[in-house]
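Undergrad: Got a structure for you, questions after.
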């Protein structure tokens with residue numbers, strides 16, 4: 001099955017438990033449609049670059065999944081209909097990177113950037 005990474009932003013006035021509940025809910029949608037969630041992360045409340053629906057901040061969540069395309073389409077459809085979800089981004093990847101995402105790593109644990117010319 002194809003591998004995907006999903007990032008979604010939910011409204012800032014949700015509690016942390018409600019935002020984490022959205023991760024579980026959409027993971028269950030993937031599971032019900034023949035896929036599975038490999039890993040999920042809650043990145044917390046972050047300030048956005050611009051306002052979305054009069055919100056300056058949002059709860060960010062990240063999912064890694066191994067699911068058929070039909071399951072991903074169904075999850076994205078439900079995310080667009082959900083009132084608490086403001087934005088969704090899904091990317092198809094060749095392989096999942098082990099360990100935490102870059103957002104969850106501490107600055108000194110990240111690999112060094114190459115120098116600019």
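Undergrad: Return P(r) of the range 40-101 (all Cα-Cα pairs; 10 Å bins starting at 0; whole %; ordered from short to long distances).
TA: Pairs per bin, as whole percents: 17, 46, 32, 5.
Undergrad: What is the spin-label model distance, in nm, from residue 77 to residue 46 if the labels are put 7 Å beyond Cα along the C-beta direction?
TA: The answer from the label model is 2.9 nm.
Undergrad: In addition: Using a 10 Å cut-off around each Cβ, can you sort 9, 91 from fewest to most neighbouring Cβ atoms?
TA: Details: 9 22, 91 9.
Starting with the residue having the fewest Cβ neighbours, the order is 91, 9.
Undergrad: Using the 10 angstrom Cβ neighbour count as an exposure proxy, how do 57, 51, 46 rank, fewest first? Walk me through the intermediate numbers first.
TA: Details: 57 16, 51 9, 46 12.
Listed from fewest to most nearby Cβ atoms, that is 51, 46, 57.
Undergrad: Quickly work out the residue 20-to-residue 39 label distance, labels modelled 7 Å from Cα along the C-beta direction, and quote it in nm with one decimal.
TA: For the pair residue 39/residue 20, the computed spacing is 1.8 nm.
Undergrad: Of 3, 30, how do they rank once you tally other Cβ atoms within 10 Å and put the fewest first?
TA: On the way: 3 15, 30 22.
Going from least to most buried by this count: 3, 30.
Undergrad: If I take the Cα coordinates of the chain and project them onto the principal axes, what are the three extents in Å, biggest first?
TA: Dimensions of the chain along the principal axes of its Cα atoms: 46, 38, 26 Å.
Undergrad: Also, quick follow-up: With labels modelled as points extended 7 Å from the Cα through the Cβ direction, what inter-label distance (nm, one decimal) is found for residue 54 paired with residue 88?
TA: 2.4 nm
Values in this text are rule-based calculations from the coordinates and carry no lab data. Remember, predicted model here, so these are calculated numbers, not experimental data. We place every Cβ from the backbone using ideal geometry, glycine too, and count neighbours over all the protein chains shown.
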